[in-house]
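Read-outs: derived from the displayed coordinates by stated rules, not from any lab. Bear in mind that the values here come from a model prediction, so they are computed numbers and not experimental data. Methodologically, a virtual Cβ is constructed for each residue, glycine included, from the backbone with ideal geometry; neighbour enumeration extends over all protein chains shown.
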Amino acid sequence: MKIAFLTPEYPHYKTGNSGGIGTSIKNLALGLIKQGCSVRILVYGQKEDAVFEDNGICVQQIQNVKRKGISWYLTRKKLQRILNTLYENQEIDIVEAPDWTGITSFMKLKIPLVIRFHGSDTYFCHLENRHQKLKNFWFEKLAVQKAKAFIAPTTFAGEVSRKLFGIKNKIIKTIHYGLELNKFENLNPGVYEKGLILYIGTIIRKKGVYELSEIFNLVRKQHPEAKLILIGEDSSDIATQSQSTWHLLQQQFQSEDLEKVSYLGKIPYHEVQSYIKKAQVCVFPTFAETLGMVTIESMAMQKPIVNSNFDWAKELIIDGESGFLVYPKNHIEYAAKINAILEDNLLAKQLGENARKRVENLFDIEKISRENLRFYETLIK
């Protein structure tokens, strides 16, 4: 099978910064190639039109059309022409696109289209109880109407999206993101930096970063030697219109605590892995997510996790067995779970080992790629 992915991001130095969506697509693409498929990834929003190969994946960079007031429309039509030409030339059999911004709205595609619910603006506005621009909903709704079927990384994300977009009589298949497990090995999980707490993710309100100052303060009352490291790209703050969430977050920490906080920004992933290995515990107090790639990556490396307790997280972690699930605003309980891990080496070891087993059972890319392939096959018959 010849599979295409349309995406705004891809993890390669030629295509610029990438987050969880790009990582999940590349993981799946590599898995599909091992299943004998050919994969083309079309990355829009690029500085130029170009094609290159990355580990057997054909990556096609696509520059957006620049025309004042109608760039969004002309870019979609350009993508439409490219996809239809590839389909007519029998270079692709199916295309998968993200839900974010409804990129496939206004496209008339000849090729079967599946949309993956990575997390639309509609979805995140709903979870955050935040006002959404009508245009954004309209674009995403139109795109959803044109899809033949859908894939969701969690059942929760799929069912919420079904209700928000009024999807009827179309399949929403739950298929988790996958990891190439041999790239997430931690041969010495008992070796770590004592007291090191690690947060990985965008520095943004919806990820629960504003809860960290109070949680960390409570942790340090029991463990004054504790340190907090944050890794991820800074973001503007939608509530205050500040250009830097990190700037606001610093002001929330007490001065003594802030001395124990390090913000590293966005760093290369091999460096992120080294910090995961160093950490004694990883924390993800997010309010809005579909699955959370960095959570399962940390679990794969046998790290004890304290995560938020929303329904999507319950599909990742069994509370008390493969990690802890706590409502992020319950600072006392959240801090207590961190402290329990810092104080009990056996507990931390058991949580880490169980986390790895759960990832092996649910998120192995070989299993995930086969499941995706079987679903794609049902859509092109």
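With the Cα gyration tensor of region 225-278 giving a ≥ b ≥ c as the square roots of its eigenvalues, does the rule (a/c under 1.5 for rounded; else a/b larger than b/c for prolate; else oblate) give rounded, prolate or oblate?
Values: a/c = 3.72, a/b = 1.27, b/c = 2.94.
Note, shape of region 225-278 comes out oblate.
Given that compact globular proteins tend to follow 2.2 N^0.38 Å, what is the ratio of the alpha-carbon Rg of region 182-362 to that value?
My calculation over the Cα atoms of region 182-362 gives 0.95.
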TODO: Would you please calculate the Kirkwood hydrodynamic radius of the chain over all C-alpha pairs and express it in Å, rounded to one decimal?
DONE: 21.6 Å
Open item on the list: Tell me the mean residue ellipticity at 222 nm calculated for the chain from its helices only (DSSP H runs of n ≥ 4, each -39500 (n - 2.57), averaged over every residue, nearest 500).
Closed with: -12500 deg cm²/dmol
TODO: Largest first and to the nearest Å, give the Cα extent of region 258-336 along each principal axis.
DONE: 30, 28, 22
Task: Student exercise, the chain dipole from Lys, Arg, Asp, Glu Cβ charges, in Debye to nearest 20 - done: 1660 debye
Open item on the list: If you average the C-alpha positions of region 1-43 and of region 340-364 separately, how far apart do those two centres end up, in angstrom?
Closed with: 29 Å
Open item on the list: Just want the answer: with Cβ charges of +1 for Lys and Arg and -1 for Asp and Glu, which residue in Asn182, Tyr263, Phe216 is farthest toward the dipole's positive end in region 182-362?
Closed with: Asn182
TODO: Looking at the chain, send over the antiparallel percent of its DSSP beta bridges, to the nearest 5.
DONE: 10 percent
Open item on the list: I'd like to know how region 101-244 sits against the 2.2 N^0.38 Å rule of thumb: what's its Cα Rg over that expected value?
Closed with: 1.37
Task: Rounded Å value of the spacing that divides the Cα centres of region 117-156 and region 54-77 - done: 21 Å
Open item on the list: Just to confirm a number: summing +1 for Lys and Arg and -1 for Asp and Glu over residues other than Asp319 whose beta-carbon lies under 14 angstrom from that of Asp319, what do you get?
Closed with: -1
Open item on the list: Under a Cβ-only charge scheme (Lys and Arg +1, Asp and Glu -1), can you give me the dipole magnitude of region 192-295 about the Cα centre, in debye to the nearest 20?
Closed with: 220 debye
- [ ] Determine the sum of side-chain charges near Asp121: Lys and Arg each +1, Asp and Glu each -1, restricted to other residues whose C-beta is under 12 angstrom from that of Asp121.
- [x] +2
